[in-house]
Amino acid sequence: MGTEEDNVTTGTEGNTEGPRATTTQRSQAKELRRLALLSAAAGLFADNGFSRVSLEDLGAAAGVSGPAVYRHFPGKQAVLGELLLSVSRDLLDGGLRVVSESDDPLSALKGLVQFQVDFALSNPDVIRVQDRDFTSLSDADQAEVRSLQRSYVETWVDVLSRIHDGEDPAGLRVRAHAAFGLINSTPHSVRQHGRKIAVKSARPILEQMALAALTSV
C-alpha cells in the first residue's frame with residue numbers, strides 16, 4: 001500500500017529531463033547573448049574606437065542593459081580580449097584543419113588562402129579592431145593573441161617550406177605576412193572609400209593575387 005507521499009504528483013513524472021533541459025536552454029541563451037555582445041563590440045569598436053565605447057553602448061547594441069554585460073564579462077577590456085582571442089583561436093584551429101585535410105602542399109596553400117579570404121570578407125570589423133586597438137588589451141591577452149597568431153603564421157610557413165624547398169624561413173614569413181596584408185586590407189579599404197564590395201567578385205581576385213605572390217619564384 002503506497003503512502004501519501006508516494007501518491008503525490010511531483011510534476012516531473014515522465015519528464016525526468018525537465019530540470020536538465022531547462023539548464024541547457026539557459027546555458028544556450030547565455031551563450032547566444034555572449035556572442036551577441038561580441039558581435040556588437042566588433043562593430044562598435046571598429047566604428048568608434050575602443051576608448052569611445054561604453055558598457056552601456058555594448059549592452060544597448062546587444063539588447064541588454066549596461067550592468068547586464070557584467071553577467072558575461074568582468075569589464076570592457078575583457079570583451080575586447082575575448083573578441084580578439086576567440087578570432088585568433090578560430091584562425092589557428094581552422095588553418096590546422098585545412099592543412100590536415102589537404103593531400104599535398106599546394107592544395108594546402110590554396111585552402112589556407114581561401115580560408116583567409118573568407119575570414120577577411122566576413123570579419124572586416126574585427127580586422128580593423130585588431131589593427132587599431134590591440135594595445136588596449138591587457139598584457140596577458142596581448143601575449144596570448146601574439147602566441148596564437150605566431151602559431152598561425154608558422155602553419156603557413158610550414159606549408160610554404162614544402163613548396164619553396166630550401167628558402168629561408170624568414171623569407172617565407174615575409175611572403176605569408178604580405179599575403180595577409182593584401183587579403184585583410186582590401187575589404188576594409190574598399191568599405192572605407194564608400195563603395196560596397198561585392199564578395200563574389202572580390203573573392204577570386206584576392207585568392208588569385210595572394211596565391212600568385214605566395215608561389216612566385
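Observations, loosely collected:
- Protein-only accessible surface order, largest first, of H72, H177, H164 at 1.4 Å: H177, H72, H164
- A compact globular protein would have a Cα radius of gyration near 2.2 N^0.38 Å; the ratio found for the range 110-186 is 1.19.
- When the GluC sites (Glu not before Pro) in the range 95-163 are filtered for DSSP coil states and for at most 14 other beta-carbon atoms within 10 Å of their beta-carbon, the remaining sites are E101.
- Per-residue extension of 0.36 nm, minus the Cα-Cα distance of Q208 and Q28, leaves a gain of 60.8 nm for this segment.
- Exposure rank, largest accessible area first [D118, D131; 1.4 Å]: D131, D118
- Accessible area in square angstrom per residue, the range 31-146, 1.4 angstrom probe: 47
- Taking every alpha-carbon pair in the range 72-217 and binning the separations at 10 Å intervals from zero gives 11, 39, 34, 15, 2 percent.
- Ranking Y152, Y70 from most to least accessible surface, computed with a 1.4 Å probe over the protein chains only, gives Y70, Y152.
The values are calculated or read from the model by the stated rules, or taken from the named source; none is laboratory data. Predicted, not measured: the structure shown is a model, and the values here were computed from it. Neighbour counts run over all protein chains shown; Cβ positions are idealised from the backbone, glycine included. Heads up: the accessible areas ignore ligands, DNA and RNA and are worked out on the full protein's heavy atoms, side chains in. Shrake-Rupley method; radii C 1.70, N 1.55, O 1.52, S 1.80 Å.
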